[in-house]
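Only one structure is covered here, and it is reproduced in the block below.
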Amino acid sequence: MDSVHISINGQTIRVEKGRNLLDAARENGFDIPSLCYMKHMHSLETCRMCVVRIEGLPGLKSACSLPVKEGMVVTAFDDEIEKVRRTTLELILADHDYDCSICHQAGECSLQDLAYRYQIGEDTNRSFGSVHDRPDLKYDDSSPVLEFDPGKCIRCGICIQACTEIQGKFVLDWMDRGMDVYPSPEYREWKDSSCDGCGECVQNCPTAALTEKPVNGRFRISTIDRKVRTTCGYCGVGCQMDLWVKGNRVVKVRGAGPEILPNRGRLCVKGRFGYEFLSSPERLTKPLIRENGEFREASWDEALSLTARRLSHIRDNSGSDALAGLASARCSNEENYVFQKFVRTALGTNSVDHCARLCHAPTVAGLGRAFGSGAMTNPIGDLAGADCILITGANVSETHPVTATYIRYARDRGAKIIVIDPRKIDLLQGSYLWLRQKSGTDVAWINGLIHIILEEGLADRDFIESRTENFAALEEAVKPFTPELVEDISGIPAEKLRLAARAYAGAEKSSIVFAMGITQHVTGTDNVLSLANLAMVCGQIGRESTGVNPLRGQNNVQGACDMGGLPNVYPGYQQVTNPEIRHKFQTAWAVDQLPEEKGLTVMEMMNAASDGLLKGLCIMGENPMLSDPNLNHVEASLKALDFLVVQDIFMTETAALADVVLPAAAYGEKEGTFTNTWRRMLRVRGAVSPPGEALPDWQIIAGISSRMGYPMAYKNASAIMKEIASLTPSYGGISYERLEEEDLQWPCPTEDHPGTAFLHKDRFSRGKGLFHPVDFIPSAERPDKEYPFVLSTGRMLYHYHTATMTRRSRALNTFAPEAYAEVCEEDLKALGVADGGMLRVTSRRGEITVPARLSERVAPGVIFLPFHFHESPVNRLTNDALDPQSKIPELKVAACRVEPA
C-alpha cells in the first residue's frame, strides 16, 4: 500500500495515499459527523457537517471531498468548528418536521442521531423559523412501494445519487431552484414516473423522507426482534440481504451492505418488497390427501406413509423406470442433493430433472463441450470493468436487475454496450448499438460476426494457436456467412454487424451476457456453441471482465444442476454412465446397484406419462402446469399418472392435480445454501418459522425415503453439505464453517483452496478450448398464412417464474396486476383493436385471450407475452419441439394467429 502520514488534532496516523479524508479519520477513531456522505458513493458536499480546518488552506473544508496528502495537518474538532457544525445542524432542523416521537424511522435516522449528539431540541429549532414553506409539496404515497415526506427531506441529494450512481436509472433529479429545491421523479408524482420500485433511494435516505410502505404493518425500529442475513429467493444473482423480524413476521428487507458481494447492498423491487408471501394466509400448512376428488387434511405420518406405499407399489410392480422426480431450482443445494439421491436410491431411476431443462440446458451442454464447464465464467461484478459488453437474449434489467446495475456502471464509464435482441429492451438506453434480429436466427449473426473478425484481421491468433483446437473447421464453416447473407437471414443491417464485430473484437476486455433468448430454441445448444466460438476467436475469455456469462434465471438453478438434479449426471456433473463414478456413489450411498442408463428429461417424462409408461411422479417445488410448453399436453400427461405427489409452499396449478400435497418451508424459513449464477456459494438462514406444520423439503424427502426402505437420517443441513463436499470435487473445500467467514466460488476442491473467481485463466477445464463449426438451422415453426405472427414469451420485472410468490405480494401485483400481449401500433391498427382491448391468440396447440398492450418493444408481426399469469397461460400456445442435443423446448418461437376477442 502506497501510504502517507497525516496529523489529525495532533495525532499522526498512516493512511493510504489519496484516501478520502473523512473515511481515513473515522477509521482512526475521529468521529467527524456528516449527513450527505455514503462511503460507497462519490462525495456530495451538501450538508457541510464534516467541515475541518486544513493547515495552509483558507476557511473550512469538507472532509468528504478531500484526498489525504503527505504531511497534511488537520483540525477536526475545536470550539469554532463545533459551533459551525451546530449552527449548520440547527438550520437543517429548522426546515424539518420535528415529530421524532411519532416517526417510525426513529432509531435509524442520522439527523436524529446528530440532533441528540449536539443536544438540539425542538425549542432550539424553532428560533430559526422555516426556510422551506411549500404548501404545494404534499406527502406522496402514490408509489406502490414507497412514501415521500417532503417535510422530512434535508435536500442532501443522496436519493438522487443512489438512483443515478448505484442503479444507473436517472429517475430522480432536483426540481426547482434555490431554497425551493427538492428531489423528485419525473412529472413530480411517483405514480406517474418511470420509477420501478427498486428502493435504492429508500435504503440510503438518512432521514424518514423516503421510507418503505408498510407490508406487514407499521413498526418502530426499537421493536425489531432480530435481523437475519440470508440470500434472496428470486433470481440467480443471489443478493445478500437482511430480514428484519418482529415476532414471527418479516417486516422489512435491506440490502446487506455496500461491501457485501455479489450485490453490494443493492436489491430489486422483488427482493426488497416481494416478501409478503411468507406470511400469506394461502400458505400450505398441513399435508393434504385427495379422497373422492377432494383434498382432506392428514397427519405427516399418514401422508408420508401413503406416498411411500404408492411409490413402492409402482416400483415393485412396474419397475423403477415407471417413476420419476422433478427437483427444483427454488430449493437449496442440500434439498436438491437429497432429492436426486432419493430418486436414484429409493426409486431406483435416473429420471430426475428440473426447470433448468427449460432454461439453461443448452448452456450446460454447449459450454461444457466447448470449455469443459457449463457455468458462467466470470463474476457478476466483473461486468462493471468491461470495455465492451455484448448482451443477447437477455432482458437483464427485468430478469436480473442487480446485474443490470453493473452493466449501467460500465456504460456510464464509457464501455460500449451492444444489444442484440428482437425486443427493444431497457438497456438500449445509452447503448452503442442495437441489432434487432429475427427470432431464431442467432447462429447466422454470430457466424457473421466471426466471419467479419477473421476477414478484417481482428482475431487473437496467439490465443487461438496456444489455447484452442479445431479452428480450421470453424474458419471453413463461417466463410459463407457474409454480412450480406446474414442481413438476408436475420434482418440485421450488414454495416451494423461490422460495427458490432469491430467493437467486440477491438476492446481490451469484452464480455458476452446471454440468457433464455439464446437457449430456448431447437438450436439452443448450437447458439451457445456459437457464442463460445466468438469468445475464443477474440481471446475474450480467461481474464477479468471477459468471458461467456449465462444469467441463470432462478435463485438456485446453478446449484440444482451442480447437485445432480439432471438425468445424466450425479453431483458435480459426474456421468451416471461411467462405471467408476457409479461405483463411487454406490459405495457412498450404501446400495448394491445404481441405475446404469440415463433417465428421462422433463419433456420426455410428460410424453412417457401420456403413453402410460411413466406411472408415478414426485415434484418438489416445480409448477409445470404453468411453466412448461404445450400445457394441454402437460395437463393430460399429469392426469394420466397413477400417482402424483407435490411438495410446495402454495396450492399451485400443478399441486391441484396431485394425489398428495406436502407443505414445505420457503427461503427465510430454513437453513441451507444456494449457488448463484456465477458459482458463488451463499448461505440461506431461517429468520421465521414455517407456517403450521410445513417442513424443509429435505426432511420431507427423508421421511418418504425411510418409509420406502432406504433410511435417511441427516441431523441438519450442514451435515448434508458435508456429504456433498465428500462426493463432489468442485465443492470439496466448502463447508458451513468456511462460508461464515469466506466468500467461495466453485471449483473449490480442498479446505485450503480460496475458490475460483473466474474460470479458464491459464487453461480450459477440458485442456484446450474446442471450436465447434455450427450451421444455421431455422426454427421448428415459422409463420405462415394460417398462423402469420411470431409468438415469443419471457419474464417481466415484477413477477417471478409462475408467480406463486410474487402475486401474493400486494406491491408487486399493483405494479403488474394482469397479463398482456405486447403488440406494435401497426399491427394493432390492422387488427382494429385498441390498447387494452382483448385479443384471442391461437397456435396449433391451443388458444388464450389476453389484453393488448401497445408497445414499441416488438417488431411488426411479433407479439410478446409474459408467462407468469394463469388467467392467460401463454404456454398453452408454445411449441414443445426439442433441441435434439439438450432437449430444451422452443419457447421463444411459435407461430400464432392474433384476432379480436
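The values are calculated or read from the model by the stated rules, or taken from the named source; none is laboratory data. Note that the coordinates shown come from a computational prediction; the quantities given were computed from them, not determined experimentally. Cβ atoms come from the backbone with ideal geometry, glycine included; neighbour counts cover every protein chain shown. Protein only, heavy atoms only, side chains kept; ligands, DNA and RNA dropped before computing areas. Shrake-Rupley method; radii C 1.70, N 1.55, O 1.52, S 1.80 Å.
Against the list (1) touching a His at 6+ places or on another chain (Cβ under 7 Å); (2) open to solvent by 10 Å² or more (accessible area, probe 1.4 Å); (3) not charged (D, E, K, R), the condition residue 370 fails is (2).
For residue 600, state whether it is open to solvent by 10 Å² or more (accessible area, probe 1.4 Å) and closer than 14 Å to residue 326 by Cα. Yes, satisfied. In this structure, does residue 194 turn out to be under 26 Å from residue 795 (Cβ atoms) and either open to solvent by 10 Å² or more (accessible area, probe 1.4 Å) or of a type in the set (Ser, Thr, Tyr) (or both)? When the stated conditions are applied, residue 194 passes them. With the requirement that a residue be open to solvent by less than 50 Å² (accessible area, probe 1.4 Å) and within 17 Å of residue 28 (Cα to Cα), what does the stretch 52-67 give you? Within the stretch 52-67, 52, 63, 64, 66 meet the criteria.
Can you name the residue in the stretch 556-588 that is assigned to a loop (DSSP other than H, G, I, E, B) and open to solvent by less than 10 Å² (accessible area, probe 1.4 Å) and, of all such residues, is farthest from residue 341 (Cα to Cα)? Among those that are assigned to a loop (DSSP other than H, G, I, E, B) and open to solvent by less than 10 Å² (accessible area, probe 1.4 Å), it is 556.
Filtered by the rule that a residue be in contact with a Ser or Thr (Cβ under 9 Å, 6 or more places away or on another chain), open to solvent by less than 20 Å² (accessible area, probe 1.4 Å) and free of Cβ contacts under 8 Å to residues at least 40 places away in the same chain, the stretch 168-191 gives 171, 172, 184, 185. The number of residues in the stretch 295-338 being small (Gly, Ala, Ser) and touching a strand residue (DSSP E or B) at 6+ places or on another chain (Cβ under 8 Å) comes to 8.
Per the listing 70, 82, 90, the residue uniquely acidic (Asp, Glu), open to solvent by less than 50 Å² (accessible area, probe 1.4 Å) and either more than 27 Å from residue 146 (Cα to Cα) or part of a helix (DSSP H, G or I) (or both) is 90.
Each residue in the stretch 871-901 was checked for being open to solvent by 10 Å² or more (accessible area, probe 1.4 Å) and of a type in the set (Asp, Glu), and 3 pass. Checked against the criterion of being small (Gly, Ala, Ser) and open to solvent by 30 Å² or more (accessible area, probe 1.4 Å), the candidates 444, 394, 473, 415 yield just one match: 473. The condition (being farther than 17 Å from residue 846 by Cβ, in contact (Cβ under 8 Å) with a residue 24 or more places away in the chain and part of a loop (DSSP other than H, G, I, E, B)) is satisfied by just one residue among 644, 600: 600.
Out of 264, 309, 290, 283, one residue alone is part of a helix (DSSP H, G or I) and either modelled with pLDDT of 95 or more or under 30 Å from residue 143 (Cβ atoms) (or both). It is 309. Selection of the stretch 805-845 for residues being closer than 30 Å to residue 273 by Cβ, in contact (Cβ under 8 Å) with a residue 12 or more places away in the chain, assigned to a loop (DSSP other than H, G, I, E, B) and open to solvent by 60 Å² or more (accessible area, probe 1.4 Å) yields 818, 835. Within the stretch 97-129, the residues that satisfy the criterion of being open to solvent by 80 Å² or more (accessible area, probe 1.4 Å) and either modelled with pLDDT of 75 or more or part of a loop (DSSP other than H, G, I, E, B) (or both) are 101, 102, 113, 116, 117, 119, 127, 128.
For the stretch 486-498, a residue qualifies if it is assigned to a helix (DSSP H, G or I) and open to solvent by less than 60 Å² (accessible area, probe 1.4 Å), and the qualifying residues are 486, 489, 490, 494, 497, 498.
Given the structure, is residue 614 crowded, with 24+ Cβ neighbours inside 10 Å and either more than 28 Å from the chain's Cα centre (by Cα) or not in a loop (DSSP other than H, G, I, E, B) (or both)? Yes. Residue 698 - would you say it is under 21 Å from residue 557 (Cα atoms), touching a residue at least 60 places away in the same chain (Cβ under 8 Å) and not in a loop (DSSP other than H, G, I, E, B)? Yes, satisfied. The residue of the stretch 213-261 that is least open to solvent (accessible area, probe 1.4 Å), among those that are in a loop (DSSP other than H, G, I, E, B) and acidic (Asp, Glu), is 225. Would you confirm whether or not the stretch 790-798 contains a residue that is modelled with pLDDT of 95 or more and over 30 Å from the mean Cα position of the chain (by Cα)? No, there is no match, as no residue in the stretch 790-798 is modelled with pLDDT of 95 or more and over 30 Å from the mean Cα position of the chain (by Cα). Among the residues of the stretch 662-676, at least one is farther than 25 Å from residue 301 by Cα, part of a loop (DSSP other than H, G, I, E, B) and within 30 Å of the chain's Cα centre (by Cα). What are the residue pairs meeting all of these: first residue in the stretch 885-897, first residue under 15 Å from residue 627 (Cβ atoms), second residue of a type in the set (Lys, Arg), Cβ atoms under 8 Å, and 6 or more apart or on different chains? Going by the 8 Å Cβ cut-off, the qualifying pairs are 888/357.
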